[in-house]
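The values are calculated or read from the model by the stated rules, or taken from the named source; none is laboratory data. Keep in mind it's a predicted model, so treat the numbers as computed, not measured. So basically every Cβ, Gly included, is an ideal-geometry build from the backbone, and we count neighbours across all protein chains shown. Accessible surface is based on the protein model in full, side chains and every heavy atom, while ligands, DNA and RNA are left aside. Shrake-Rupley method; radii C 1.70, N 1.55, O 1.52, S 1.80 Å.
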Amino acid sequence: MALYGVGLGPGDSGLVTVEGRQRLEEADVVYTPGRLSRSVATEYVPEDRLGDLDFPMTRDEDELRRAWKAAANEIAPRAREGAAAFVTLGDPNVYSTFGHLRRTLSAFHPEVTVETVPGVSAVTGFTSALGIEIAAGSTLTLAEGARGAAPTGPDRLLLFKVTDAPATHEKLTEAGYEVTYGRRLYMEAGETVVTDDPGELEERDYYTLAYAEKADLDLTPATATFESVDSSAPSESAGTDQPKPRTDGNGFSSQSEGDSSAGTPAASKNSLPDAQQELIEMERAIAEACGDGFPEVPPR
């Protein structure tokens, strides 16, 4: 059979994917590396199918290698004989412990098939929690911010493991960033905090991230013009008997149903009504912003 590395998502059991839940329910044994991942897994796995592994809290690499080799020796027979799962918060391949297990199995138990089931990661989930949009064409750099670290340079940063928010904040703001923090986002254990005040995060917590964005960025997408449109203003055709301009989907005019020339493209840009010309320009701007071409003559 196989070992499945299953991403549980950011901590809310309701955000486990459909395939992830299926793998958990089918596995003969499910291994959890920590209390938080175990608390999510127990929503779908009974206690008698949970496996225990011992991971020491140390930075000694030799000791860590011994622990991962012992974990691989425990898991390999179960994965050969049936289906086993190893769960992590977030995604198994993003800032996760699963990579250590996969490499150790590959080195000492190459006969074991290993597959991963992706999970919702804080890398993407933070946007909804913080109310932030990363628009098309933007760049986002991932880094760790442990012990007050604050790498600078890119336009947008997402820092994980921000254990000293005040120190990180000082460095980021001095470099010209605006910063928003999220602590224990989507987690059912502990208090979720979203704030731009590092003073609210003086107590250290491993599950704290920071989104930093340079204050002088031009953040005006094409559709931002919609927000400035006055919907209460009367249209140019108000009070007249002229039919409302229609388009064929490419911004070209089609005439009224009673007109024998209906469906033919307009002769030129200059002959179009102002309102319709504005519509064409708006559609062209949206198409270009999305990376699409805008044909001068619609295909037929």
Next item on the list: Write out the trypsin sites (Lys or Arg not before Pro) in region 35-130 meeting two conditions: DSSP loop, and at most 13 other Cβ atoms within 10 Å of their Cβ.
Entry: 59
Next item on the list: Run the quick spin-label model on residue 202 and residue 22: label points 7 Å from Cα toward the beta carbon, then report their separation in nm to one decimal.
Entry: 5.1
Notebook entry, point to check: With each pseudo-label sitting 7 Å past Cα toward Cβ, what's the residue 55-residue 113 distance in nm, one decimal?
Noted result: 2.6
Next item on the list: Would you list the P(r) distribution for region 1-147, with all Cα-Cα distances sorted into 10 Å bins from 0 and each bin expressed as a whole %?
Entry: 11, 39, 33, 14, 3
Next item on the list: List the GluC sites (Glu not before Pro) within region 155-213 that fall in a DSSP loop (any state other than H, G, I, E or B) and whose Cβ has at most 15 other Cβ atoms within 10 Å.
Entry: 188, 191, 202, 203
Checklist line | Heavy-atom accessible area order for 81, 19, largest first, 1.4 Å probe | finding: 81, 19
Item checked: Heavy-atom accessible area ranking, 1.4 Å probe, most first, across 216, 155 -> 216, 155
Item checked: Point-charge dipole on Cβ atoms (K/R +1, D/E -1) for region 35-114, about Cα centre, debye to 20 -> 180
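Given Cα pairs under 8 Å that are at least 6 residues apart, what percent is the relative contact order of region 93-231?
Result for region 93-231 is 20 percent.
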Notebook entry, point to check: Per q in 0.15, 0.20, 0.25 1/Å, what log10 I(q)/I(0) does a Debye calculation on the alpha-carbon atoms of region 28-77 return?
Noted result: -0.46, -0.73, -0.95
Check: With +1 on each Lys and Arg Cβ and -1 on each Asp and Glu Cβ, how big is the dipole of region 89-225 about its Cα centre, in debye rounded to the nearest 20?
Finding: 540
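On full extension of the chain, what length is gained from residue 218 through residue 191, given 0.36 nm per residue of separation minus the C-alpha to C-alpha distance?
6.3 nm
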Notebook entry, point to check: Within region 27-68, which GluC sites (Glu not before Pro) sit in a loop by DSSP and count at most 15 neighbouring Cβ atoms inside 10 Å?
Noted result: 43
